[in-house]
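The values are calculated or read from the model by the stated rules, or taken from the named source; none is laboratory data. Owing to the predicted nature of the structure, the values given are computational and were not obtained by experimental measurement. Quick reminder, even Gly has a Cβ in these numbers, built from the backbone with ideal geometry, and neighbours come from all protein chains shown. Each accessible area value is taken on the protein alone, full model and side chains, heavy atoms only, with ligands, DNA and RNA left out. Shrake-Rupley method; radii C 1.70, N 1.55, O 1.52, S 1.80 Å.
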Amino acid sequence: YGFKWRQATGWFSYDLKVLPGQSQQLVVSLRGGKNGLSDFDVLVDGKILTAQPGNEADAVFLLPPDLTQGKQSVIVKFSAHAGKTTSGLTGLRVLLAPKQ
């Protein structure tokens, strides 16, 4: 489709900037949509996150304030399950969570 993507049978990670102590969302764009989410884990500073309900194109993970408290950045790790491969990652961004 003319865009770059990243995939692994092991793991890869990124160091992403965050706003300390604020509710944010980690939005993960995956090649082929969210279909392969059961084949790998998304961890932020070692804590496994669960995708929120949403559209099929992007997986959205809540970053609660306690996960970013006192931090300027977090490590986001994509770790494939044994014998599996991560979905192709095409985009990754941190956004402010919508006000409830």
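If you go through segment 26-46 one residue at a time, do you hit one that is touching a helix residue (DSSP H, G or I) at 6+ places or on another chain (Cβ under 8 Å), without any contact (Cβ under 8 Å) to a residue 60 or more places away in the chain and among the β-branched types (Val, Ile, Thr)?
yes
With the structure loaded, tell me whether VAL94 is aliphatic (A, V, I, L, M), closer than 15 Å to LEU16 by Cα, at pLDDT 90 or above and open to solvent by less than 30 Å² (accessible area, probe 1.4 Å) or whether it fails that test. Give the derivation first.
Numbers: aliphatic (A, V, I, L, M): yes; closer than 15 Å to LEU16 by Cα: yes; at pLDDT 90 or above: yes; open to solvent by less than 30 Å² (accessible area, probe 1.4 Å): no.
Answer is no for this residue.
Does segment 3-23 hold any residues that are part of a loop (DSSP other than H, G, I, E, B) and not hydrophobic (A, V, I, L, M, F, W, C), and which are they? Let's see the steps before the verdict.
Of the residues in segment 3-23, the ones part of a loop (DSSP other than H, G, I, E, B) are 3-5, 7-10, 18-23.
Answer for segment 3-23, where residues must be part of a loop (DSSP other than H, G, I, E, B) and not hydrophobic (A, V, I, L, M, F, W, C): LYS4, GLN7, THR9, GLY10, PRO20, GLY21, GLN22, SER23.
Taking only segment 53-92 into account, find how many residues are out of contact with any Ser or Thr (no Cβ under 9 Å at 6 or more places or on another chain), over 17 Å from GLY10 (Cα atoms) and of a type in the set (Gly, Ala, Ser). Break it down stepwise before answering.
In the first step, residues of segment 53-92 are kept if they are out of contact with any Ser or Thr (no Cβ under 9 Å at 6 or more places or on another chain); the result is 53-56, 60, 66-67, 69-73, 82, 87-88.
Narrowing further to those that are over 17 Å from GLY10 (Cα atoms): 53-56, 60, 66-67, 69-73.
Then keep just the ones that are of a type in the set (Gly, Ala, Ser); that gives 54, 70, 73.
Adding up the residues that qualify gives 3.
Can you find, within segment 1-54, the residue that is nearest to LYS71 (Cα to Cα) among those that are open to solvent by 30 Å² or more (accessible area, probe 1.4 Å) and in contact with a Pro (Cβ under 7 Å, 6 or more places away or on another chain)?
Checking each candidate, the answer is GLN22.
I'm trying to understand the selection: among the residues of segment 55-84, which are open to solvent by 40 Å² or more (accessible area, probe 1.4 Å) and modelled with pLDDT under 90?
Residues satisfying the conditions are ASN55, GLU56, ALA57.
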